[in-house]
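The values are calculated or read from the model by the stated rules, or taken from the named source; none is laboratory data. Here the structure is a predicted model, which is why all the values come from computation and not from measurement. As a convention, Cβ positions derive from the backbone with ideal geometry for all residues, glycine included, and neighbour counts pool all protein chains shown. Accessible surface areas use protein heavy atoms only, side chains included; no ligands, DNA or RNA. Shrake-Rupley method; radii C 1.70, N 1.55, O 1.52, S 1.80 Å.
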Amino acid sequence: MDLLSIDVNNVASAPSDTIQTDPIRMMIEKYAGMSGSEILSSLLSNLLSFGLKLVGAIVVFFLGRWLLRKFSGFIVHALARHRVDPSVQSFLRSFINITLMLVLVVLVVGIFGINTASFIALFASAGVAVSMALSGSLQNFAGGLMILVFKPYKVGDFIQAQGQSGTVKEIQIFNTVLVTLDNCTIFIPNGSLSNNTIVNYSRNGSRRAEWTFGIAYGDSYEEAKKVLTELLDADPRVLREPAYYIALHSLGESSVNIIVRAWTLSENYWDVYFDFNSVVYKTFRERGIHIPFPQMDVHLVKE
């Protein structure tokens, strides 16, 4: 029992700096002279105080998140009313959400009595260490700023980059979000986009479609050209300026190849391309123009 008992006199006579720096000794000194009921009352009071702080922190956190969403929506509507570029809107929305969330975390921590100044200093020093470890993320952030400044593409453009192609849905702080033609979502880091080649198919508003049609040897090239001209004239999606172009491209091994080049709006490109293939195939058959398949003549010589 002597080994397990608490020597209050030794605790009281211990150096003050040791007691202040040792939380266990401080707790022993605090409760040494109290009765059991007093200790229980003190513990319940501390528990109640901590519970109130916890409830307050939870309320502040969820209320802050609600206000954050409202403020973010207000900013988005304000930018939309002033016709700010959608690319800038998505970037600012992402940046504001992250910044305000960090502020909310600091406020919640302050409710528990933690010194927010030291917490912010610690957070800043940790941020420096994290930023050194995550230099690629900072590069993506800088890449996002460069994209917004120089505008190689914007939200709604159809681009090809990093071996991927799709419509730009959103420009975030660190990534650009693409939606492919088969409705897949792709996230590409802004750093790699800002430092590599980007093909923007929507930048100029129009695109040139190109086809090569083969007709059989013996069929009339003039007749085939006439049919192609009629079909292009009948399609209102084909632009008249610049004018379309039809020419005899080459004399192939199995066919006479005719090249067709026509301009259309970027948003109509694929519809025009596939529809023209279909209508040419149908009309050539109706007009007696043959589209040959690859073939080879073999001559047997008997000695």
* Across the stretch 202-222, which residue is most open to solvent (accessible area, probe 1.4 Å) among those that are among the charged types (D, E, K, R) and under 40 Å from the mean Cα position of the chain (by Cα)? -> ARG203
* For the stretch 249-276, which residues satisfy the criterion of being in contact with a strand residue (DSSP E or B) (Cβ under 7 Å, 6 or more places away or on another chain) and assigned to a helix (DSSP H, G or I)? -> SER266, TYR269, VAL272, TYR273, PHE276
* To do: Select, from LEU300, LEU248, LEU231, the only residue that is exposed (fewer than 15 other Cβ atoms within 10 Å of the Cβ), over 30 Å from LYS154 (Cα atoms) and in contact (Cβ under 8 Å) with a residue 12 or more places away in the chain.
  => LEU248
* Applying the selection to the stretch 55-74, what residues are touching a residue at least 12 places away in the same chain (Cβ under 8 Å) and closer than 17 Å to VAL106 by Cβ? -> GLY56, ALA57, VAL60, PHE61, GLY64, ARG65, LEU68, PHE71
* Of the numbered conditions (1) modelled with pLDDT under 95; (2) part of a helix (DSSP H, G or I); (3) closer than 27 Å to THR167 by Cβ, ARG285 satisfies every one except a single condition; which is it? -> (3)
* Which of the residues belonging to the stretch 149-181 are among the hydrophobic types (A, V, I, L, M, F, W, C), touching a residue at least 40 places away in the same chain (Cβ under 8 Å) and closer than 12 Å to LEU193 by Cα? -> ILE159, ILE171
* Among residues of the stretch 65-79, those that are under 20 Å from the mean Cα position of the chain (by Cα) and either open to solvent by 100 Å² or more (accessible area, probe 1.4 Å) or over 11 Å from ASN97 (Cα atoms) (or both), counted -> 3
* Checking VAL280 against (1) more than 30 Å from THR176 (Cα to Cα); (2) in contact (Cβ under 8 Å) with a residue 40 or more places away in the chain; (3) surrounded by 15 or more Cβ atoms within 10 Å (Cβ to Cβ); (4) under 37 Å from the mean Cα position of the chain (by Cα), which single condition isn't satisfied? -> (4)
